[in-house]
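Visitor: Pasting a structure here, questions to come.
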Amino acid sequence: MPNFAYVSINDKGEPVNGYIEQPDRNSVIRALTKQGLKPISIKESKKGLLLSKLKNMLTSSNKVKSDHLVMFTRQLSAMIGAGVPILRALNALADHISESPALKRILINVISDIEAGSTLGEALAKYPNTFNDIYINMIKAGESAGIIEEILKRLALQQEKNMSMRKKIKSSMAYPVVLLSITVLAFFGLMIFIVPKIGDVMKGLGGEDAQLPVLTQVMLDISSFIISFWYLIIIGLVAIIYGVSVYLKTKKGRRQFHFILLKLPMINKILVKIAIARFARTFSALIEAGVAVLEALDVTSRAVGNVIYEEAIVKAEEEVKNGKPLSSVIESNPIFPPIVSQMLSVGEETGQTDKILVKVAEFYEEEVDTAIQGISSIIEPVMIVIMGSMVGLIAASVMLPIAGLAETIK
């Protein structure tokens with residue numbers, strides 16, 4: 001969209017200069033007039049466009065936390081429900097937001113866009129890093145149907161559910177990650193500081209030509225390699241991490257990674273339940289908001305968080321476009337559990353697809369909680385066994401030569 005530099009006068013006769021994005025000069029005049037400004041000069045400006053892009057980059061670099069976005073959505077819903085106009089509600093929220101400077105900046109820009117003639121959905125769509133496709137589509141549907149208050153309530157509820165699921169997954173993974181980090185640090189600490197000293201003691205007792213057990217010699221060789229070539233290890237690890245992260249950002253890499261995850265035992269069941277829960281809740285929310293089925297499927301495909309399921313939903317969208325009912329399309333795809341197609345079929349027959357899918361989402365969200373608790377209880381003893389095995393190997397590498405020396409002394 002073109003960016004214009006303008007010079008104008010306000011009601012007090014004071015000059016007001018700035019930049020504004022509008023399709024043409026007439027739109028700029030209308031937008032300035034709505035703000036109570038009298039245009040004097042309007043020129044298309046590349047500098048203003050660069051400043052606008054820089055401002056958007058700075059705004060998008062600071063992410064808005066999920067709980068701040070949920071609070072904003074609930075407060076905006078309450079104010080609109082109380083009869084407060086959208087602009088006044090946004091101004092009030094922008095004035096009182098102190099926890100999230102990024103959200104405050106976004107709201108100031110959104111207010112400016114709405115004053116210039118944009119709708120709320122169009123203004124929020126300029127910040128995809130904060131307001132995703134689901135949020136924007138539901139807001140636009142709510143504006144079209146005149147039920148923006150109800151839509152905001154549903155959005156807040158959906159965000160709370162998603163945030164709750166993410167927090168549970170992160171909290172369940174925190175303990176295994178800490179144990180794994182301690183294990184790795186302990187391994188390198190023993191190899192760098194303890195094992196070399198043990199090797200010196202063994203050679204001091206048995207002489208330089210002493211034959212050490214295979215396990216002890218292997219541990220000493222590993223320790224020597226780490227000490228001598230630590231920089232190569234660091235460079236290698238950084239290169240591997242960087243290469244994997246770059247590959248996973250590609251379409252092919254993400255697909256292969258998600259395909260492998262869905263084949264891993266134990267983990268695959270949790271990932272399937274998470275994907276189904278997201279599909280059911282997102283699709284039901286969009287349908288309930290009045291979004292067309294095909295558009296709802298398109299948006300939902302990008303919200304499930306798994307490329308394999310995204311491709312399946314996109315394929316389902318094509319078949320629904322050709323006249324097939326969604327329940328039969330889902331039923332023919334083995335990656336969807338049978339209960340999903342059965343519940344969809346009931347929803348299509350009764351005209352309550354949105355309510356039926358909410359029940360499916362709630363069921364799978366509870367299943368995810370149970371599965372996460374189960375896998376957490378398994379991971380803990382597994383990590384303890386790994387740490388114990390590592391310590392046991394080092395202890396054995398020390399005790400074997402000592403036992404050998406004792407036999408020699410006898």
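The values are calculated or read from the model by the stated rules, or taken from the named source; none is laboratory data. Since this is a predicted model, take the numbers as computed values, not measurements. Here the Cβ is made from the backbone with ideal geometry for all residues, glycine too, and neighbour counts use every protein chain on show.
Visitor: What's the number of the condition residue 290 fails, among (1) within 26 Å of residue 131 (Cα to Cα); (2) surrounded by 19 or more Cβ atoms within 10 Å (Cβ to Cβ); (3) touching a residue at least 40 places away in the same chain (Cβ under 8 Å)?
Guide: (2)
For every residue, the table says whether it meets (1) touching an Asp or Glu at 6+ places or on another chain (Cβ under 9 Å); (2) closer than 28 Å to residue 28 by Cα.
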site: 70; (1), (2): yes, no
site: 91; (1), (2): no, yes
site: 96; (1), (2): no, no
site: 103; (1), (2): no, yes
site: 112; (1), (2): no, yes
site: 116; (1), (2): yes, yes
site: 122; (1), (2): yes, yes
site: 128; (1), (2): no, yes
site: 144; (1), (2): no, yes
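Visitor: I've got another one for you. Please determine, by comparing only the residues of the range 357-387 that are without any contact (Cβ under 8 Å) to a residue 60 or more places away in the chain and of a type in the set (Val, Ile, Thr), which one is farthest from residue 154 (Cα to Cα).
Guide: Taking the candidates together, the pick is 385.
Visitor: Among the residues in the range 358-366, are any at pLDDT below 90, hydrophobic (A, V, I, L, M, F, W, C) and in a helix (DSSP H, G or I)?
Guide: Yes - at least one qualifying residue is present in the range 358-366.
Visitor: Another question about this same structure. Just give me the residues in the range 245-254 being part of a helix (DSSP H, G or I) and exposed (fewer than 12 other Cβ atoms within 10 Å of the Cβ), in sequence order. Lay out the reasoning, then the answer.
Guide: First, the residues of the range 245-254 that are part of a helix (DSSP H, G or I): 245-249, 251-254.
If the condition is that a residue be part of a helix (DSSP H, G or I) and exposed (fewer than 12 other Cβ atoms within 10 Å of the Cβ), then 245, 246, 249, 251, 252 are the ones that fit.
Here is a yes/no grid of residues against (1) assigned by TED's automatic domain parsing to the domain that holds residue 278; (2) under 15 Å from the mean Cα position of the chain (by Cα); (3) charged (D, E, K, R):
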{"site": "138", "(1), (2), (3)": "no, no, no"}
{"site": "143", "(1), (2), (3)": "no, no, yes"}
{"site": "159", "(1), (2), (3)": "yes, yes, no"}
{"site": "165", "(1), (2), (3)": "yes, yes, no"}
{"site": "168", "(1), (2), (3)": "yes, yes, yes"}
{"site": "178", "(1), (2), (3)": "yes, no, no"}
{"site": "184", "(1), (2), (3)": "yes, no, no"}
{"site": "188", "(1), (2), (3)": "yes, no, no"}
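Visitor: For the range 100-118, which residues satisfy the criterion of being surrounded by fewer than 16 Cβ atoms within 10 Å (Cβ to Cβ) and farther than 21 Å from residue 37 by Cβ?
Guide: Scanning the range 100-118 gives a single hit, 101.
Visitor: Evaluate the following for residue 331: is it among the acidic types (Asp, Glu), surrounded by 14 or more Cβ atoms within 10 Å (Cβ to Cβ) and under 27 Å from the mean Cα position of the chain (by Cα)?
Guide: Numbers: among the acidic types (Asp, Glu): yes; surrounded by 14 or more Cβ atoms within 10 Å (Cβ to Cβ): yes; under 27 Å from the mean Cα position of the chain (by Cα): no.
Taking the combined requirement at face value, the residue does not satisfy it.
Visitor: Quick one: is residue 126 closer than 21 Å to residue 90 by Cβ, assigned to a loop (DSSP other than H, G, I, E, B) and not assigned by TED's automatic domain parsing to the domain that holds residue 301? Before you say what the answer is, go through the steps one by one.
Guide: Values: closer than 21 Å to residue 90 by Cβ: yes; assigned to a loop (DSSP other than H, G, I, E, B): yes; not assigned by TED's automatic domain parsing to the domain that holds residue 301: yes.
For residue 126, the condition - closer than 21 Å to residue 90 by Cβ, assigned to a loop (DSSP other than H, G, I, E, B) and not assigned by TED's automatic domain parsing to the domain that holds residue 301 - is met.
Visitor: Is one or more of the residues making up the range 25-43 free of Cβ contacts under 8 Å to residues at least 12 places away in the same chain and assigned to a loop (DSSP other than H, G, I, E, B)? Walk me through how you get there before you give the answer.
Guide: First pass over the range 25-43, keeping only residues free of Cβ contacts under 8 Å to residues at least 12 places away in the same chain: 26, 33.
Now restrict to residues that are assigned to a loop (DSSP other than H, G, I, E, B): none.
Checking the range 25-43: not a single residue is free of Cβ contacts under 8 Å to residues at least 12 places away in the same chain and assigned to a loop (DSSP other than H, G, I, E, B).
Visitor: Can you find a residue that is outside any helix (DSSP H, G or I), surrounded by 13 or more Cβ atoms within 10 Å (Cβ to Cβ) and under 26 Å from the mean Cα position of the chain (by Cα) anywhere in the range 336-355?
Guide: yes
Visitor: Hey, among 47, 43, which residue is modelled with pLDDT of 80 or more, basic (Lys, Arg), over 32 Å from the mean Cα position of the chain (by Cα) and over 21 Å from residue 129 (Cβ atoms)?
Guide: Values: 47 fails: modelled with pLDDT of 80 or more.
It is 43.
Visitor: Residue 109: of a type in the set (S, T, N, Q), within 21 Å of the chain's Cα centre (by Cα) and not in a loop (DSSP other than H, G, I, E, B), yes or no? Before the answer, list the steps.
Guide: Working: of a type in the set (S, T, N, Q): yes; within 21 Å of the chain's Cα centre (by Cα): no; not in a loop (DSSP other than H, G, I, E, B): yes.
Considered against the rule, which asks whether it is of a type in the set (S, T, N, Q), within 21 Å of the chain's Cα centre (by Cα) and not in a loop (DSSP other than H, G, I, E, B), residue 109 comes out as no.
Visitor: Against the definition (in contact (Cβ under 8 Å) with a residue 24 or more places away in the chain, aliphatic (A, V, I, L, M) and outside any loop (DSSP other than H, G, I, E, B)), how does residue 138 come out, yes or no? Full working, then the answer.
Guide: On the way: in contact (Cβ under 8 Å) with a residue 24 or more places away in the chain: yes; aliphatic (A, V, I, L, M): yes; outside any loop (DSSP other than H, G, I, E, B): yes.
Here the answer is yes, as residue 138 does meet what is asked.
Visitor: If I filter the range 211-242 down to residues being part of a helix (DSSP H, G or I), touching a Ser or Thr at 6+ places or on another chain (Cβ under 9 Å) and not polar (S, T, N, Q), which single residue comes out as surrounded by the fewest Cβ atoms within 10 Å (Cβ to Cβ)?
Guide: Kept after step one, since they are part of a helix (DSSP H, G or I), are these residues of the range 211-242: 214-228, 230-242.
Imposing the further condition that a residue be touching a Ser or Thr at 6+ places or on another chain (Cβ under 9 Å) reduces the set to 215-220.
Next, only the ones that are not polar (S, T, N, Q) stay: 215, 218-220.
Details: 215: 16, 218: 13, 219: 22, 220: 20.
This residue is 218.
Visitor: Of everything in the range 1-24, what is under 17 Å from residue 111 (Cβ atoms) and not in a loop (DSSP other than H, G, I, E, B)? Give them in sequence order.
Guide: Passing the criteria: 16, 18, 19, 20, 21.
Visitor: Please pick out the residue among 368, 382, 391, 360 that is in the same structural domain as residue 178 (by TED's automatic domain parsing), among the aliphatic types (A, V, I, L, M) and under 22 Å from the mean Cα position of the chain (by Cα).
Guide: Working: 382 fails: under 22 Å from the mean Cα position of the chain (by Cα); 391 fails: under 22 Å from the mean Cα position of the chain (by Cα); 360 fails: under 22 Å from the mean Cα position of the chain (by Cα).
So the residue among 368, 382, 391, 360 that is in the same structural domain as residue 178 (by TED's automatic domain parsing), among the aliphatic types (A, V, I, L, M) and under 22 Å from the mean Cα position of the chain (by Cα) is 368.
Visitor: If residue 396 satisfies every condition in (1) closer than 30 Å to residue 166 by Cβ; (2) in a helix (DSSP H, G or I) but one, which is the exception?
Guide: That leaves (1) as the condition not met.
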